[in-house]
Each structure stands twice: as structure tokens, then as C-alpha cells.
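S.K.: Have a look at the structure that comes next, please.
The values are calculated or read from the model by the stated rules, or taken from the named source; none is laboratory data. If you're wondering where the values come from, they're calculated on a predicted model, not measured in any experiment. A quick note on method: Cβ atoms are made from the backbone with ideal geometry, for glycine too, and the neighbour counts reach across all protein chains shown.
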Amino acid sequence: MTTRRTTTVFFDVDGTLVESEQHGHRLAFNDAFARAGLDDRWDEATYADLLAVTGGARRLAAWFAQDPSSAVSTASVADLSRRLHREKTRIFIEMCHSGAVPERAGAQRLVAELAASGAQLAITTTGSRAWVEPLVTKLFGVDTFAFMITGDDVLNTKPSPEAYLMALDRIDHECADVVAIEDSMPGLKASVGANIPTVLVANAETAPGDWSNAALALTGFGDLPADTVVFDPSGLCPDGLLTASVVTTVARTGPASDRSSTTGDTPIIDMEHA
Ligand code: XBP
Ligand code: MG
């Protein structure tokens, strides 16, 4: 007797399910600086560079470490970062409640399609549980996701594969085909580091990089006219719409180490011209 294999889809949150960085987290960080009486402010270009450091508290610590003059002199970088991050989280939770952090176009469609197909869905994010849980529940529904691995649960944030390895431990992965949906290079490194085939749904905030480890890369879920497929060596998404069927096929195809068609030139994608 053969056991029917299930599909488990691990969703990243920031930049993947929600539009949260430049007009969400960045503004909350700046508000936290202001409330603490600090002059630090992150413009969009500065924040784009800082996205290479995942996890809000770590991002703050990296900022203060690179420019010690901007830190309150009596506080250690770590203490100051933690304190600011607590305030930033409070501010961001209010933003989520007020509707300032929307779904990414097409995310609700894909999540609903996958849920209807019987796939198991879970969250694997570097963001804090205090806002992730209420926001994901509000936008995508109660019980849509079987579990959520957040930045609070891991010692090492992305690009470490720790969150994905922890997520794999939560499922019966002997019986499940798994796939991750990510938007960033640290996210892609994390999921691929856990040997999980990954769909990269890049966006304007995704740093250019070598995405050859993705099974498929698009500039959106395919719901917006500007969305395009930018890397699809196996011809998985000919229509340009990321459907439940495409995602399930990526899961069934397996990780890059199991695929045969990923050799050859791999583009470094310039998002401005993709
Ligand atoms: C997202 C992050 C998060 C947010 C900030 O990375 O790094 O830290 O930017 O959220 P990914 P917190 O999408 O790869 O998980 O301040 O709650 O950490
Ligand atoms: Mg992300």
C-alpha cells in the first residue's frame, strides 16, 4: 500500500505575504528613534542596505556598530538595540492593527488556493511573533497556517537555515513534499540551506543576487500586469501566474540537488529592468 504524499508550503512573511519593509518596519524604526530622542533616521536607500541584516534587533545593533557616534553613549549597543526594538515592535503592532501593512498582491489568492487544495501551510519568518501572529491571522485567517516559526524561536536568523530546519522538524517530512516561498537573498539562502526547493517572489526591495538556487523566480505572484517570470529553468510557470498547482509541482520536483535541469548560465537579475 502506498502512502499519499502531502504538500507543505513554508511562507516567509516580510516582503512575501505582506508589503511591510520600506513603508512599515522602516517607519516604525524611525518613530522609535524619535521617541527615544535619537537623531538617527533611516531613508529608503539606507534601509535597503540594512535589509541584508535580518531581525529588527540585530539590524539596530548592526547600525549602531557601524556608526557608534549615533548611539546613546551610556548604553551598550546591545541594550539600546533591544530597548529600541521593543518600542519599534509596539509601534509596528499599532500599524498592523490600523491596516497600514497590506497583503502583497496575489498572496491571499495563492494562500486560499493552496489551502483549498489540501496543502499544509506554515510560516517561517525572521520577524517577531508579537506582530507576525496577529497580522497573519488578520490578513489570512485563523487556522490557515498550521504553525508559525518566528524570529523569537531561533538563535540564528536568516540566512541561517535554523528556522527552516525547525519547521521541518514540526512536520512528517518523510511523507510530505515541501516548498518555500521567499522574497530575499537571506531568505533564499536559509531555505535552500535546509534543502527545501524554493520559489523566489522578488520585489522592488529584493537585493539583486544570484538566484540560481531558486527553483523558480518571479517579480510577483503574477496578479499585477508588471509581474514577470525571471528564472524558470524547468518551465514550471509558463503562464506567469503562481498557482497552487505550480507551487505543488515545485514541491514534488524536490530540491536543486534532486533536479537535473539547473545547470547552465544563471542570470544576475536587475530588478530595475526585470
Ligand atoms: C524579515 C526581517 C524582519 C523585519 C523586522 O526578514 O528581517 O526582521 O525586517 O521585523 P525575512 P522585526 O522576511 O527574511 O524573515 O523587527 O520584528 O524583527
Ligand atoms: Mg522576507
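S.K.: Please list, ordered by first then second residue, the pairs with beta carbon atoms under 8 Å, 6 or more apart or interchain, first in segment 111-129 and farther than 26 Å from Pro161 by Cβ, second outside any helix (DSSP H, G or I) and away from ligand 1 (no atom under 16 Å from the Cβ).
M.R.: Taking only residues 6 or more apart or on different chains, the pairs are Glu113/Thr243; Ser117/Thr7; Gly118/Thr6; Gly118/Thr7.
S.K.: Look through Ser128, Ser117, Ser81, Ser98 and report the one residue that is touching a helix residue (DSSP H, G or I) at 6+ places or on another chain (Cβ under 6 Å), more than 30 Å from Asp172 (Cα to Cα) and among the polar types (S, T, N, Q). Outline the logic, then answer.
M.R.: Values: Ser128 fails: more than 30 Å from Asp172 (Cα to Cα); Ser117 fails: more than 30 Å from Asp172 (Cα to Cα); Ser98 fails: touching a helix residue (DSSP H, G or I) at 6+ places or on another chain (Cβ under 6 Å).
From the options Ser128, Ser117, Ser81, Ser98, the qualifying one is Ser81.
S.K.: Scanning for something closer than 30 Å to Ala28 by Cβ, near ligand 1 (Cβ under 9 Å from one of its atoms), surrounded by fewer than 24 Cβ atoms within 10 Å (Cβ to Cβ) and not basic (Lys, Arg), does segment 157-179 turn up at least one residue?
M.R.: yes
S.K.: Would you call Ala202 surrounded by fewer than 19 Cβ atoms within 10 Å (Cβ to Cβ) and either within 16 Å of ligand 2 (Cβ to nearest atom) or over 30 Å from Met95 (Cα atoms) (or both)?
M.R.: Judged against the criteria, Ala202 is not a match.
This table checks each residue for (1) touching a strand residue (DSSP E or B) at 6+ places or on another chain (Cβ under 8 Å); (2) within 11 Å of ligand 1 (Cβ to nearest atom).
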position	(1), (2)
Ala100	no, no
Gln108	no, no
Glu113	no, no
Ala122	yes, no
Thr126	yes, yes
Ala130	no, yes
Pro134	no, no
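S.K.: Right, next: Restricting attention to segment 116-134, which residues are surrounded by fewer than 23 Cβ atoms within 10 Å (Cβ to Cβ) and either in a helix (DSSP H, G or I) or small (Gly, Ala, Ser) (or both)?
M.R.: Within segment 116-134, Ala116, Ser117, Gly118, Ala119, Ala122, Ser128, Arg129, Ala130, Glu133, Pro134 meet the criteria.
S.K.: How many of the residues making up segment 105-131 are within 15 Å of ligand 2 (Cβ to nearest atom), at pLDDT 95 or above and among the hydroxyl-bearing types (Ser, Thr, Tyr)?
M.R.: Qualifying residue count, segment 105-131: 3.
S.K.: Now a separate question. Looking at this structure, is Pro238 out of contact with any Gly (no Cβ under 9 Å at 6 or more places or on another chain), in a loop (DSSP other than H, G, I, E, B) and without any contact (Cβ under 8 Å) to a residue 12 or more places away in the chain?
M.R.: Details: out of contact with any Gly (no Cβ under 9 Å at 6 or more places or on another chain): yes; in a loop (DSSP other than H, G, I, E, B): yes; without any contact (Cβ under 8 Å) to a residue 12 or more places away in the chain: yes.
So Pro238 passes the test.
S.K.: Quick check on my filter: what residues within segment 30-66 are within 16 Å of ligand 2 (Cβ to nearest atom) and within 18 Å of Ala100 (Cβ to Cβ)?
M.R.: Restricting attention to segment 30-66, the residues satisfying the condition of being within 16 Å of ligand 2 (Cβ to nearest atom) are 47-56, 58-59.
Within segment 30-66, Tyr47, Gly56 qualify.
S.K.: Might you let me know whether segment 132-146 holds any residue that is at pLDDT 95 or above and within 19 Å of Ala61 (Cβ to Cβ)?
M.R.: For segment 132-146, residues at pLDDT 95 or above and within 19 Å of Ala61 (Cβ to Cβ): absent.
S.K.: Restricting the first residue to segment 8-25 and requiring it to be at positive phi, which pairs with a second residue that is assigned to a helix (DSSP H, G or I) meet a Cβ separation below 9 Å and a spacing of at least six or different chains?
M.R.: Pairs that qualify, where the first residue is at positive phi and the partner is assigned to a helix (DSSP H, G or I), are Gly15/Glu21; Gly15/Gly187.
S.K.: Something else about it: Asn195: more than 20 Å from Ser20 (Cβ to Cβ), in contact (Cβ under 8 Å) with a residue 40 or more places away in the chain and polar (S, T, N, Q), yes or no?
M.R.: In short, yes.
S.K.: Could you check how many residues of segment 26-56 are without any contact (Cβ under 8 Å) to a residue 24 or more places away in the chain and among the hydrophobic types (A, V, I, L, M, F, W, C)?
M.R.: So the count comes out to 5.
S.K.: Quick check, is Val142 assigned to a loop (DSSP other than H, G, I, E, B), farther than 18 Å from Glu182 by Cβ and more than 16 Å from ligand 2 (Cβ to nearest atom)?
M.R.: yes
S.K.: Only one of these is surrounded by fewer than 19 Cβ atoms within 10 Å (Cβ to Cβ) and within 26 Å of Phe10 (Cβ to Cβ): Glu113, Glu94. Name it.
M.R.: Checking each option against the conditions leaves just Glu113.
S.K.: Got a sec? Which helices (runs of 4 or more DSSP H) wholly within segment 1-71 have at least 2 residues that are more than 14 Å from Ser81 (Cβ to Cβ) and not β-branched (Val, Ile, Thr)?
M.R.: Ranges flagged: 26-35, 44-50.
S.K.: With the structure loaded, tell me whether Leu168 is touching a strand residue (DSSP E or B) at 6+ places or on another chain (Cβ under 6 Å) and free of Cβ contacts under 8 Å to residues at least 40 places away in the same chain or whether it fails that test.
M.R.: no
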